[in-house]
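Remarks on the structure that follows.
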Amino acid sequence: MAKAATDIHNFEKPDNLIISGYRYERKFFITELSKYQVESLIKLNPGLFSEIYYRRFINNIYFDTFDFKNYYDNTEGVTDRVKVRIRWYGDLFGYIEKPTLELKIKNGLVNKKISLPMRPFHLNENTEISGILDSIDDLKESLTIDFRDLSPSLLNRYSRKYFQSANGFYRITIDSDLCFYEINKRNNTFLNQSVDRDSVILELKYDRQHDSGAAQITSHFPFRNTKSSKYVNGVHKVRYMAY
């Protein structure tokens, strides 16, 4: 799907391309506490977290190779890998006004994200999903990814709340109400789905220079840092457990 680690420094950057810096993303997959209890713990943390932005639904279409290379790279612990998805906010189906193509690049323990705004599209049972990628010609020619090898592999949706520490160095997101849908190139009914109302995913995100202070935050969590991927969990639920 891509050359190792996808070198983002050796291509002509389109004007509307956004490249984030590498950062840590510590994940906590929580099943023993409700989202309200988790939120209370965050507000009691000595990092003095407060809510920022507003709660919103996040929607993603993930793409993978025919043999699910990214899925298996993740489950097998490959340290350098690339995840391709289209993300938007708000309603899951209908007219998608502001979709964004995202490449999530993992390099060891840190992640970087490349984002590119896309043309609007409709998502319904008549949508030819594979054709959506035709609107990103400027990125196709810039990155070392062969988009012809990619097919839609998962549609998911979840609710997210955002928090930030008083010093502004650390951000926490809480994801809940997770829904996963099987998705194909065409002829989708979106009937094969899995809903998880009980699990909560907490992510602590911060730049590399602030790693030394992260332990002061996580040591006050009554749960452990876990390896968790919504993409991997979703593929497992709607594709492998369904057959």
Scan of region 210-230 for residues that are small (Gly, Ala, Ser) and either in contact with a Lys or Arg (Cβ under 7 Å, 6 or more places away or on another chain) or assigned to a helix (DSSP H, G or I) (or both), ordered by number: 212, 213, 214, 215, 228
Those residues that are part of a helix (DSSP H, G or I) and among the hydroxyl-bearing types (Ser, Thr, Tyr), I need them from region 231-243; list them, please. 231, 240
Residues of region 50-74 that turn out to be part of a strand (DSSP E or B) and of a type in the set (S, T, N, Q), as a count: 3
Those residues of region 174-193 which are among the hydroxyl-bearing types (Ser, Thr, Tyr) and surrounded by fewer than 18 Cβ atoms within 10 Å (Cβ to Cβ), in sequence order: 189
I'd like to know if region 168-178 contains one or more residues that are under 20 Å from residue 96 (Cα atoms) and modelled with pLDDT of 95 or more. yes
Pick out the one residue from 77, 47 that is small (Gly, Ala, Ser), outside any helix (DSSP H, G or I) and out of contact with any helix residue (DSSP H, G or I) (no Cβ under 6 Å at 6 or more places or on another chain). 77
Between a first residue in region 37-58 that is in contact (Cβ under 8 Å) with a residue 24 or more places away in the chain and at positive phi and a second residue that is in a strand (DSSP E or B) and aromatic (Phe, Trp, Tyr), which pairs have beta carbons less than 8 Å apart while being 6 or more apart in sequence or on different chains? 53/162
Candidates 127, 100 - the one that is more than 30 Å from residue 213 (Cβ to Cβ), at pLDDT below 95 and over 20 Å from the mean Cα position of the chain (by Cα): 127
Out of curiosity, is residue 219 out of contact with any Asp or Glu (no Cβ under 8 Å at 6 or more places or on another chain), at negative phi and free of Cβ contacts under 8 Å to residues at least 60 places away in the same chain? yes
Mind listing whichever residues of region 91-103 are of a type outside the set (Val, Ile, Thr) and in contact with a Phe, Trp or Tyr (Cβ under 9 Å, 6 or more places away or on another chain)? 91, 92, 93, 95, 97, 98, 99
Pairs only if they're at least six apart or on different chains, beta carbon under 7 angstrom, first in region 172-193 and among the β-branched types (Val, Ile, Thr), second in a loop (DSSP other than H, G, I, E, B); list them, first residue then second. 172/49; 189/125
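The values are calculated or read from the model by the stated rules, or taken from the named source; none is laboratory data. Just so you know, these numbers come straight off a predicted model, no measurement behind them. Positions of Cβ are backbone-derived with ideal geometry, glycine not excepted, and every protein chain shown enters the neighbour counts.
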